[in-house]
1. Count, please, the residues in segment 75-107 that happen to be closer than 16 Å to LEU199 by Cα, surrounded by fewer than 21 Cβ atoms within 10 Å (Cβ to Cβ), at pLDDT 80 or above and β-branched (Val, Ile, Thr).
2. Let me spell it out: the conditions are (1) open to solvent by 40 Å² or more (accessible area, probe 1.4 Å); (2) not in a strand (DSSP E or B), and ARG332 meets all of them except one. Which number is the exception?
3. Would you confirm, using the coordinates I've provided, whether GLY213 is in contact with a Leu (Cβ under 6 Å, 6 or more places away or on another chain) and surrounded by 15 or more Cβ atoms within 10 Å (Cβ to Cβ)?
4. Can you pull out every residue in segment 303-329 that is in a loop (DSSP other than H, G, I, E, B) and open to solvent by 80 Å² or more (accessible area, probe 1.4 Å)?
5. Filter segment 335-350 down to residues that are outside any loop (DSSP other than H, G, I, E, B) and modelled with pLDDT under 90 and give me whichever is surrounded by the most Cβ atoms within 10 Å (Cβ to Cβ).
6. If I filter segment 351-360 for residues that are more than 18 Å from TRP226 (Cβ to Cβ) and modelled with pLDDT of 95 or more, do I get at least one hit?
7. Quick one: in segment 300-322, of everything that is out of contact with any Gly (no Cβ under 7 Å at 6 or more places or on another chain) and closer than 17 Å to SER361 by Cα, which residue is modelled with the highest pLDDT?
8. Report yes if some residue within segment 72-93 is acidic (Asp, Glu) and farther than 19 Å from LEU300 by Cα; otherwise report no.
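The values are calculated or read from the model by the stated rules, or taken from the named source; none is laboratory data. Keep in mind it's a predicted model, so treat the numbers as computed, not measured. Here Cβ is always computed from backbone atoms with ideal geometry, including for glycine, and neighbour counts include all displayed protein chains. Side chains are part of the model used for accessible areas, which takes the heavy atoms of the whole protein and leaves out ligands, DNA and RNA. Shrake-Rupley method; radii C 1.70, N 1.55, O 1.52, S 1.80 Å.
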Amino acid sequence: MLNHLRVPLVVISTLLPLALLGCQTNSLNHSAQTSTVIDDKNWSATTLKPRLFQTITNYDWQLTHLSDGDDKLIGLTLQPPLTMHVRPDLLTFDDGCYRYLVTFDMWLPLPYPYTDASVQDTAKSPVTAADCTSIYQATTQDWRGDTIIPSDTAYLLNMTFGRYAGTNFIFNPAIIQSIQVNKTVEKQLALKTSKGKTLIFSGTPKPEHPVAGIPLTNDLLERYRWQLVRVTDKAGAVLSEFTQIKEPIMLSYGLDNYGGDEGDEQNGFESGIYGQSFGISIGCNGISGPYALSINQSLLTGSFPSTMMSCGDALDDVESRLRRMMTHSKSRLILTHANNKAKTTTEQSEPNYLLTQTLDSGETLIWKSKAKKIP
């Protein structure tokens, strides 16, 4: 079992390109040095940051270039290649032998601060199994007990996730001029750190599949409040305790805005819309976190800090189970029209929807739309 690497903050060392020159299996293309520009045809620098982040989750990303600290890019080919997957609160880097998990906060205004990183063993493909075996046999530990992995990608990540204080990052859409890319690559992404360094990733879209029901958008999710009306476990049994509590469980989605503060110059916060989140009212506590409506109407969620007051044993149990379902989870959403019933005057202009949420863990939650109250 591998020990966890406790390396909480991300930065590219100024010496990283030089260090990579010494790695025998890395190939650097110095003729590919160039700058990045915004690709307005696909996505824009003016796109709302939470919607941009959501779009990023629709792609598989492969590292292709590094900055040299002067807005120049150095092309590189890592063997095996280093891929990145993005979801709320979490970046996952995978080189075919190990998986690196990097957590970051999304409840604060931009830029995103890194909080922690760890390394995991991962399933090997037949292509990389032999290479991984030789890497495993050569692993060592440092004086802290952290695993040292003697591979080029591990070296790059260890340099990237160095022990620096106050490091954060932001994503920007970008393209690389004068560099031929595979036709399947639709987007290129810049991960820019507060230390002035940039990693460039090329993205290929994740496979799309037909989805059932009404096409679902952020606007539809955020237009209504959603009342929990039914919960079933993975065997299909109804969990009535979720709908028989005194106050109904309500869910809302929305954009997060930061108006700015006089301390922003010191703390580095950016004013404006910085995130999109969900919030659930239940008992005397709440459940909330960032969300992304990803490809194939997949709902990806993270988690925000929250109070943990006791609300009574029964309600505490419901809250704990719902928190496990709704945070750091992936689920599939299907939107349908609810049965038409007699409506009050205030409801006449609003359609009724049912939102069916099927979690990867097997539970199914059904939410009914309710008009948001206008102050």
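1. Counting residues in segment 75-107 that are closer than 16 Å to LEU199 by Cα, surrounded by fewer than 21 Cβ atoms within 10 Å (Cβ to Cβ), at pLDDT 80 or above and β-branched (Val, Ile, Thr) gives 2.
2. Among (1) open to solvent by 40 Å² or more (accessible area, probe 1.4 Å); (2) not in a strand (DSSP E or B), ARG332 violates only (2).
3. Values: in contact with a Leu (Cβ under 6 Å, 6 or more places away or on another chain): yes; surrounded by 15 or more Cβ atoms within 10 Å (Cβ to Cβ): yes.
In short, yes.
4. The initial filter retains those residues of segment 303-329 that are in a loop (DSSP other than H, G, I, E, B), namely 303-312, 327-329.
Listed by number, the residues that qualify are PRO305, MET308, MET309, SER310, HIS328.
5. Going through segment 335-350, the residues outside any loop (DSSP other than H, G, I, E, B) turn out to be 335-337, 345-347.
Within this subset, residues satisfying the condition of being modelled with pLDDT under 90 are 345-347.
On the way: THR345: 6, THR346: 9, GLU347: 13.
Among them, the one singled out is GLU347.
6. Start the filter on segment 351-360 by keeping residues that are more than 18 Å from TRP226 (Cβ to Cβ), which leaves 360.
Among the residues that remain, those that are also modelled with pLDDT of 95 or more are: 360.
The answer is yes; a qualifying residue exists.
7. Taking segment 300-322 and keeping what is out of contact with any Gly (no Cβ under 7 Å at 6 or more places or on another chain), we get 300, 305, 307-310, 312-314, 316-318, 320-322.
Narrowing further to those that are closer than 17 Å to SER361 by Cα: 300, 318, 320-322.
Details: LEU300: 98, VAL318: 91, SER320: 90, ARG321: 93, LEU322: 94.
Checking each candidate, the answer is LEU300.
8. So the first thing to find is which residues in segment 72-93 are acidic (Asp, Glu), and the list is 89.
Adding the requirement that they be farther than 19 Å from LEU300 by Cα leaves none.
No, every residue in segment 72-93 fails to be acidic (Asp, Glu) and farther than 19 Å from LEU300 by Cα.
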